[in-house]
Amino acid sequence: HHDRAQVDIYEKLPVPFGLVRFGVAPDHPEVKNVINTFTQTARSERCSYYGNVAVGKDVTVGELQQAYHAVVLSYGAEDNRVLGIPGENLAGVHSARAFVGWYNGLPENQHLKPDLSCETALVLGHGNVALDVARILLSPLDLLRRTDITASSLAALACSKVKRVWLVGRRGPLQVAFTIKELREMINLPGARPVLDPADFTGLGDAVKDAPRPRKRLTELMIKTALEKPAEKTVAAAAREWGLRFQRSPQEVLPTADGTRARGVRVALTRLEGSGDSAKAVPTGEVEELECGLVLSSIGYRSLPLEPALPFDPQHGVIPNSSGRVLGAPGLYCSGWVKRGPTGVIITTMNDSFDTAQSVLEDLQAGVLDVSAPREGFGAVGSILRSRGVRPVSFSDWEKIDAVEVARGKAAGKPREKIVDPEEMLQVIGH
């Protein structure tokens, strides 16, 4: 939309694509096709990629602002929300974010080693990520072997004893955050049967009559699944099972006798006040204990401030902004989860980034951004990085890493074998 714009992309890791590479489930390859569009952009003569550069550490945002007319922060949500309950630091308790990073090859999670020697796992949360981790835990190995799941997590899953996964939520069936596509995929997972309690869905058919169509269809699918009597041969073939537990709020992760590991979760039974998406879960005073050896907390992601001096709203975990313009910081913009919170899918985030780009273009036209004086861009930043011993990775460097991953994958019958260690990535390109 602007024929003179030059865009440089800075990325902490040597490899690009962020959440598409490290967040999208390995058995959802079609969702990763957006990489083709990103690659076309990266190959443009007016776009440059600089990986292996941690903004806030290797170069400050202030230094970037001196080198560019406009700086856009779109670094997402690199932390997870904590449960804030006793026992959540016991062995056997992980964030779903770390678990997803582990099987998707996110370098910081390569050494996770989740203990899969128990039969029952508990996932706290009713969103798409919760369904993702449940599906990966219960998927037949021959399905996973054909994906780009990492070699080490595939080996661990091959030895897994987990055969039962309960997904626990504080609210009811009308408040679940997952979508129908992901639920249907879970219901149809080979070798695993859904266990939904018909009592949880009593009277919901009427309640959902006037709901928006996606919510109505989703609820109808849950009701149908709860009421269906599975064929005997299906039950016999299903060595594994999963189910949804509603109106249960985690109070404490219970330790084993020696106090070192999780053996279950005490939950408060809740009742709902209000209706629809705004319904609140209020404890009834009753509690129950759910036994499990693995707890995955999937209650949302959280953005962190890059630098102490930058505007940041810690309560909502976002950069305060108006249409992507960072408040009180002319020439600074934000986009994606760090702009509006960790919700939505890839298309939501793409549309959001188009809105921020529009704000930049409007500010250029209105003269809010002074482009009369040229800025050096990477010329200036490159000198700073050299002086600090930081060697950026170019997009053509990434394409060499990509080629190695694809070749290794081909040898193993997979679309790619991800390199999970940044040092090895840099060795591949001779850094």
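The values are calculated or read from the model by the stated rules, or taken from the named source; none is laboratory data. Since the structure is predicted, the reported quantities are computational estimates derived from the model, not experimental observations. Note that each Cβ is placed from the backbone with ideal geometry, even for glycine, and that neighbours are counted across all protein chains shown. Accessible surface areas use protein heavy atoms only, side chains included; no ligands, DNA or RNA. Shrake-Rupley method; radii C 1.70, N 1.55, O 1.52, S 1.80 Å.
Normalising the average separation of contacting C-alpha pairs (under 8 angstrom, six or more residues apart) by the number of residues puts the relative contact order of the chain at 24 percent.
Computed on the Cα trace of segment 358-431, the radius of gyration divided by the Kirkwood hydrodynamic radius gives Rg/Rh = 1.22.
Taking the chain as a Gaussian network of alpha-carbon nodes connected by springs under 10 Å, the highest mean-square fluctuation of the residues CYS292, CYS159, CYS334 belongs to CYS159. The equivalent ellipsoid of segment 286-393 has semi-axes of 36, 21, 14 Å, largest first, where each one is the square root of 5 times an eigenvalue of the Cα gyration tensor. When only Cα pairs below 8 angstrom with a gap of at least 6 residues are kept, segment 192-314 shows a relative contact order of 18 percent. The smallest convex shape that holds all Cα atoms of segment 308-352, its convex hull, gives 71 Å³ per residue.
Restricting the calculation to Cα atoms, segment 234-348 shows an Rg/Rh of 1.12 when the hydrodynamic-style radius is the Kirkwood one. Note down the Stokes-Einstein diffusion coefficient of segment 73-189 in µm²/s, whole number, using a Kirkwood radius over alpha carbon pairs, 20 °C, and 1.002 mPa s. Rounded, D is 140 µm²/s. Three principal axis extents describe the C-alpha atoms of the chain; from largest down they are 72, 51, 43 Å. Here's how it looks for SER48: its modeled amide H is under 5 Å from those of VAL7, ASP8, ILE9, which are all 5 or more places away or on a different chain. Here is the size of segment 210-280 from its Cα atoms: Rg then Dmax, 17.8, 52 Å.
A protection proxy built from the mean count of other Cβ atoms within 10 Å ranks the segments 352-359, 144-151, 165-172, 280-287, most packed first, as 165-172, 144-151, 352-359, 280-287. What segment 121-263 shows is 47 Å² of accessible area per residue, with the surface traced by a 1.4 Å probe over protein heavy atoms. Using a Gaussian network model on the chain with a 10 Å cutoff between Cα atoms, which of ILE35, ILE187, ILE299 fluctuates the most? Greatest mean-square fluctuation among the candidates belongs to ILE35.
The calculated Kirkwood hydrodynamic radius for segment 82-299 is 18.0 Å, given to one decimal from all distinct C-alpha pairs. Comparing LEU290, LEU364, LEU124 in a Gaussian network model of the chain, where Cα atoms under 10 Å apart are tied by springs, the biggest mean-square fluctuation is seen for LEU364. Close amide H contacts of ARG193 (hydrogens built in the peptide plane, cut-off under 5 Å, sequence separation of 5 or more or a different chain): ARG240, GLU241, TRP242.
Just grab the label-to-label distance for ARG386 and GLN110, each label 7 Å out from Cα along the Cβ direction, in nm (one decimal). Label at ARG386, label at GLN110, 2.9 nm between them. Amide H contacts of TYR301 (H built 1.01 Å from N, in plane; Pro and chain starts excluded): ARG81 sit under 5 Å, all sequence-distant by 5 or more or on other chains. In degrees from 0 to 90, rounded to the nearest 10, what is the angle of the helix 378-387 Cα long axis to the longest principal axis of the chain? Taking the Cα atoms of the chain, the angle to 378-387 is about 80 degrees. Listed cross-link partners LYS113/LYS161; LYS12/LYS57; LYS113/LYS410 are compared with a 18 Å cut-off, the Cα-Cα value being larger for LYS113/LYS410. Contact order, relative form, for segment 274-431: 11 percent (alpha carbon pairs under 8 Å, 6 or more residues apart, mean separation divided by residue count).
What the Cβ-Cβ distance of ASN188 and ALA373 gives, at R0 = 51 Å and to the nearest 0.05, is a FRET efficiency of 0.30.
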